[in-house]
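This report concerns only the one structure given below.
The values are calculated or read from the model by the stated rules, or taken from the named source; none is laboratory data. These numbers come from a predicted model, not from an experiment. We place every Cβ from the backbone using ideal geometry, glycine too, and count neighbours over all the protein chains shown.
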Amino acid sequence: MRNTKQARKRLSELEHLVMEFLWKAGPSSSEQVREGLAKRHAMKDATARTILRRLEEKGYATHREEGRTYIYSGVERAENVAVRAIRQIADRFWGGSVTALVAGLVEQEEIDARELRELASKLERQQERKGKSDE
């Protein structure tokens, strides 16, 4: 079933890095983000603030105020953002067909038989739960 939410703008590489930090560290100030990412990607405090502001504009982050400091948090879980990104890829390259996307991954040997069995098992469990909730 397709989610009809309007697609958000994609994350740049740096925006994704900042979101990964927020998902792992939890609510953080721009200074905490800057310090936390210093080894992976050095940036000035103004850059960190700009990226966080862009993430808010795109709907990925929000903030609350503690005194004069903004504390930023991710709006939703990383898994939800990842699923939407995959949906966008399916839409762009496979005409919206997730089946074609998965088939391409199989053909390119990115997914093996064991992983396909795991996926089939998850689908079966989901269908069983769905069937029980419909009763």
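The residues of the stretch 107-119 that are more than 23 Å from the chain's Cα centre (by Cα) and in a helix (DSSP H, G or I), listed by number, are GLU107, ALA113, ARG114, ARG117.
Among the residues of the stretch 50-70, the one identified as crowded, with 16+ Cβ neighbours inside 10 Å and β-branched (Val, Ile, Thr) is ILE51. Within the stretch 39-68, the set of residues being of a type in the set (Phe, Trp, Tyr) and either in contact with a strand residue (DSSP E or B) (Cβ under 6 Å, 6 or more places away or on another chain) or more than 14 Å from HIS16 (Cα to Cα) (or both) is empty.
When you look at ASP91, is it in the same structural domain as SER28 (by TED's automatic domain parsing), at pLDDT below 95 and out of contact with any Gly (no Cβ under 9 Å at 6 or more places or on another chain), yes or no? Answer is no for this residue. None of GLU118, GLU124, GLU109 is charged (D, E, K, R) and on the phi > 0 side of the Ramachandran plot except GLU109. Yes or no: the stretch 88-96 includes at least one residue that is aromatic (Phe, Trp, Tyr) and either surrounded by fewer than 11 Cβ atoms within 10 Å (Cβ to Cβ) or assigned to a helix (DSSP H, G or I) (or both). Looking for residues that are aromatic (Phe, Trp, Tyr) and either surrounded by fewer than 11 Cβ atoms within 10 Å (Cβ to Cβ) or assigned to a helix (DSSP H, G or I) (or both), one finds at least one in the stretch 88-96, hence yes. If you take the residues of the stretch 6-34 that are at pLDDT 95 or above and of a type in the set (Ser, Thr, Tyr), which of them is surrounded by the fewest Cβ atoms within 10 Å (Cβ to Cβ)? Among those that are at pLDDT 95 or above and of a type in the set (Ser, Thr, Tyr), it is SER29.
Looking across the stretch 39-87, the residues that are in a helix (DSSP H, G or I) and among the hydroxyl-bearing types (Ser, Thr, Tyr) come down to THR47, THR50.
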